[in-house]
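To keep things clear, I will list the structure first and then write my remarks on it.
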Amino acid sequence: MKKTIAIITGGYSGESVISYKTAATIEKNIDTEKWISYTIDISPAGWFYTTPAGEKTTVDKNDFSITIDGKKINFDAVLVGMHGTPGEDGKLQGYFDCLNIPYTSCDAASSALTFNKRYTVAVAAFAGMHVAKSLHLFKNIAISATDILKELKLPVFVKPNNGGSSIGMSKVNDGADLQHALDKAFKEDEQVLVEEFIKGREFTIGVFKTKGQIISLPITEILTKKDFFDYEAKYNGASEEVTPAVIDESIAEKVRQAAKKAYAVFNCKGIVRIDFIYNEAASNPYMLEINTVPGQTDASIVPQQVRALGWTLKDFYSALIEECFYK
Ligand SMILES: Nc1ncnc2c1ncn2[C@@H]1O[C@H](COP(=O)(O)OP(=O)(O)O)[C@@H](O)[C@H]1O
Ligand SMILES: [Mg+2]
């Protein structure tokens, strides 16, 4: 019998716009010979399934079921197509754990940990990975720009600690601009990460697990016309993504090994995408962050990498769903 899958999308943050595009790619590439899928929109307006006729059905949160034409539908698994809270930070993962419904993403603890950029680099460093030197700031504990500059060398990146999509982020080259960058980041988040700039080429790499085995996708190099991979570079085309990256095999291997190590250390599940800067002087990749629900719009990096591996997206999503049931 075909299993019934809920594709969850939307979310409560500004990233919901991207979530809908990700879910559209997933929906289009679900193998309907293997799975029956329903897309569930989880937004501040409510949790809904919309029938092809345009009728909205509210999800019963007691068991995450929907009822269509008097027939109750329960889900065998959840495919996560939601960026930002509550689908990428562990909140829904905890809810599905309570209901005993398997899902395609990292578990609640790994999702929550990796959603926090500072805790991510702290754990990575503990595992011996290279990360940038940084300071973790909290809104209610004042620290002056002068004190920050005593600890960290310019240029620095100032980022909302729990953000995504480069929103509220700045690169600061001149100490006089630091306070403004801090104010901007604190508008987005109660916690801010100030991180030393790592010089080098930027790579990002998808990693997933199938039949219990960790597999890395072909690497993408990010070439941006902007100062860094900011929101405009990401979504308005001011960057070029080269998949597979044109790099020496020795560099590629270091990036792949670091990515697979991170996947194992953070006990990841499903498809994640890990950002690195390869620093020539250190001959090592520096890990910036782990995206546990990476963008999967048609043009996004993960779909590019899946195609570069020679897989169809259909087989890829089937593999992700099958992995939920893999013991
Ligand atoms: N420490 C750093 N050194 C060099 N570049 C960085 C650093 N931190 C961030 N960047 C640049 O900023 C971009 C966004 O940062 P990232 O930490 O990946 O946050 P986001 O969640 O917004 O993608 C990166 O893709 C990279 O171009
Ligand atoms: Mg990133």
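The values are calculated or read from the model by the stated rules, or taken from the named source; none is laboratory data. Computed from a predicted model, the values in this text were never measured in an experiment. Ideal geometry is used to build each Cβ from the backbone, glycine not excepted, and the neighbour counts take in all protein chains shown. Protein only, heavy atoms only, side chains kept; ligands, DNA and RNA dropped before computing areas. Shrake-Rupley method; radii C 1.70, N 1.55, O 1.52, S 1.80 Å.
According to the Kirkwood expression over distinct Cα-Cα pairs, how big is the hydrodynamic radius of the range 134-196, in Å?
On the way: mean 1/r = 0.0891 Å⁻¹.
It is 11.2 Å.
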- Task: With springs connecting C-alpha atoms under 10 Å apart, model the chain as a Gaussian network and identify which of GLY175, GLY206, GLY81 has the largest mean-square fluctuation.
- Result: GLY175
- Which one of ALA6, GLN305, ASN74 has its Cα pushed farthest toward the positive end of the charge dipole of the chain, where Lys and Arg give +1 and Asp and Glu give -1 at the Cβ? ASN74
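Which order do the peptides 71-79, 50-58, 29-37 take when ranked by the mean count of other beta-carbon atoms within 10 Å per residue, highest first?
Details: 71-79: 17.7, 50-58: 10.1, 29-37: 15.4.
The most tightly packed comes first, giving 71-79, 29-37, 50-58.
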- Farthest toward the dipole's positive end in the range 3-104, which of ALA23, ALA53, LEU92, given Cβ charges of +1 (Lys, Arg) and -1 (Asp, Glu) about the Cα centre? ALA53
- Query: In degrees between 0 and 90, to the nearest 10, how far off the longest principal axis of the chain does helix 117-126 point, with axes built from Cα atoms?
  - Reply: 70
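On the accessible surface of the chain, probed at 1.4 Å, how many percent belong to carbon and sulfur atoms?
Working: 7730 of 14930 Å².
Using a 1.4 Å probe with all protein chains present, the chain comes out at 52 percent carbon and sulfur.
Just how large is the dipole of the chain about the Cα centre, in debye to the nearest 20, putting +1 at every Lys and Arg Cβ and -1 at every Asp and Glu Cβ? Each step should come with its number before you reach the end.
Details: 36 positive and 41 negative charges, 107 e Å.
That gives the chain a dipole magnitude of about 520 debye.
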- Task: Have a look at GLN296, GLN305, GLN179 and tell me which one the Gaussian network model of the chain (Cα, springs below 10 Å) gives the largest fluctuation.
- Result: GLN179
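So for HIS136, HIS180, HIS83, what's the accessible-area order with a 1.4 Å probe, most first?
Values: HIS136 35, HIS180 135, HIS83 5 Å².
I get HIS180, HIS136, HIS83, largest accessible area first.
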- Query: Per-residue ellipticity at 222 nm for the chain, helices alone: DSSP H runs ≥ 4 residues times -39500 (n - 2.57), over residue total, nearest 500 deg cm²/dmol?
  - Reply: -9000 deg cm²/dmol
- Scattering profile of the range 1-51 from the Debye formula, Cα beads only, expressed as log10 I(q)/I(0) at q = 0.12, 0.13 Å⁻¹, is -0.27, -0.32
- Query: Taking θ as phi - 60°, what are the ³J(HN,Hα) couplings along the range 24-31 by the Karplus curve (6.51, -1.76, 1.60), each to the nearest whole Hz, with x for Gly and Pro?
  - Reply: 5, 5, 4, 4, 5, 10, 7, 6
- Global geometry of the range 3-104, whether rounded, prolate or oblate, following the gyration tensor of its Cα atoms and the 1.5 cut on a/c: rounded
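Please calculate how many Å² of accessible area the chain carries per residue, with a 1.4 Å probe and no DNA, RNA or ligand atoms counted. Before the final figure, lay out each step's value.
Numbers: 14930 Å² over 327 residues.
Solvent-accessible surface per residue comes out at 46 Å².
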- Net charge of Cβ neighbours under 15 Å - reference LEU99; Lys, Arg +1; Asp, Glu -1: -2
- Long-range Cα-Cα pairs in the chain (distance over 36 Å), rounded percent: 20
- Message: I want to verify a result. In a Gaussian network model of the chain, Cα cutoff 10 Å, which of these has the top mean-square fluctuation: SER43, SER13, SER250?
- Response: SER250
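Can you put PHE138, PHE229, PHE276 in order of accessible area, largest first, using a 1.4 Å probe? All intermediate terms of the calculation are to be shown ahead of the outcome.
Numbers: PHE138 70, PHE229 25, PHE276 0 Å².
Sorted descending by solvent-accessible area, the residues read PHE138, PHE229, PHE276.
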- Message: Give me the percent relative contact order of the chain, please, defined on Cα pairs under 8 angstrom at least 6 residues apart.
- Response: 18
- Message: Could you give me D for the range 141-263, from Stokes-Einstein at 25 °C and 0.890 mPa s, where the hydrodynamic radius is the Kirkwood radius over C-alpha pairs? Units µm² s⁻¹, please.
- Response: 150
- Query: In degrees, nearest 10, range 0 to 90: what is the angle between the Cα axis of helix 313-324 and the longest Cα principal axis of the chain?
  - Reply: 80
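Pick out, in residue order, every one of the trypsin sites (Lys or Arg not before Pro) in the range 126-196 that is DSSP loop and has at most 16 other C-beta atoms within 10 Å; say none if there are none. Write down the numbers at each step before the final one.
Values: sites: LYS133, LYS139, LYS150, LYS153, LYS171, LYS184, LYS187; in loops: LYS133, LYS139, LYS153.
Within the range 126-196, the qualifying trypsin sites (Lys or Arg not before Pro) (loop, at most 16 other Cβ atoms within 10 Å) are LYS133, LYS139, LYS153.
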- Message: Need one word for the range 217-327: rounded, prolate or oblate. Basis is the Cα gyration tensor (sqrt eigenvalues a ≥ b ≥ c); a/c below 1.5 gives rounded, then a/b vs b/c decides.
- Response: oblate
